[in-house]
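Only one structure is covered here, and it is reproduced in the block below.
The values are calculated or read from the model by the stated rules, or taken from the named source; none is laboratory data. None of these values were measured; they are calculated from a predicted model. Positions of Cβ are generated from backbone atoms using ideal geometry, with glycine treated the same way; all protein chains shown enter the neighbour counts.
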Amino acid sequence: MANHEEHKNKVMETIKNMPDTDTLFELADLFKIFGDTTRIRIMCVLFQGEQSVCCISEILGLEQSTISHQLRILRHNKLVKVRKDGKQSFYSLADDHIHKIFSLGLEHIKE
């Protein structure tokens, strides 16, 4: 009987500690954003500091339209922020969490 009770308690405790389904969907969407090599490369550039689309394009050897498209996705998902200076736009990481997520993933694959 104790085994059944322990099992039941363990199940209830696990259910209680799990995030709700909506939160898990949001988390899955966040990880999808990290699933594109171009976006990962853009984030690597932004780890060095604020950059314009022109600079990112030159650093990565990609068309500005490609960079702009990926930056829109990153901005929409609150991973980068933009600062306007006249007609010029400068992008930077939204916060330190992005670098932590990236660093943990990199550490994991290097094990």
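Table for the structure above
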read-out	value
Some residue of region 7-26 being among the acidic types (Asp, Glu), closer than 23 Å to Asn77 by Cβ, surrounded by 10 or more Cβ atoms within 10 Å (Cβ to Cβ) and in contact (Cβ under 8 Å) with a residue 40 or more places away in the chain	no
Where a residue in region 92-111 is closer than 26 Å to Val82 by Cβ and free of Cβ contacts under 8 Å to residues at least 60 places away in the same chain and its partner, wherever it lies, is charged (D, E, K, R) and not in a helix (DSSP H, G or I), with Cβ under 7 Å and at least six apart	Ser92/Glu50; Ser92/Lys81; Ala94/Lys78; Ala94/Lys81
Region 29-54, residues that are surrounded by 15 or more Cβ atoms within 10 Å (Cβ to Cβ) and of a type in the set (Gly, Ala, Ser)	Ser52
Test for Glu5: is it of a type outside the set (Lys, Arg) and at pLDDT 95 or above	no
Region 18-54, residues that are within 23 Å of Tyr91 (Cα to Cα), over 10 Å from the mean Cα position of the chain (by Cα) and assigned to a loop (DSSP other than H, G, I, E, B)	Asp36, Phe47, Gln48, Gly49, Glu50
Verdict on Ile15 being within 10 Å of the chain's Cα centre (by Cα) and in a helix (DSSP H, G or I)	no
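Residue by residue, here is whether (1) at pLDDT below 95; (2) hydroxyl-bearing (Ser, Thr, Tyr); (3) assigned to a helix (DSSP H, G or I) holds:
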{"residue": "Ile56", "(1), (2), (3)": "no, no, yes"}
{"residue": "Ile59", "(1), (2), (3)": "no, no, yes"}
{"residue": "Gln70", "(1), (2), (3)": "no, no, yes"}
{"residue": "Lys78", "(1), (2), (3)": "yes, no, no"}
{"residue": "Lys84", "(1), (2), (3)": "yes, no, no"}
{"residue": "Tyr91", "(1), (2), (3)": "no, yes, no"}
{"residue": "His97", "(1), (2), (3)": "yes, no, yes"}
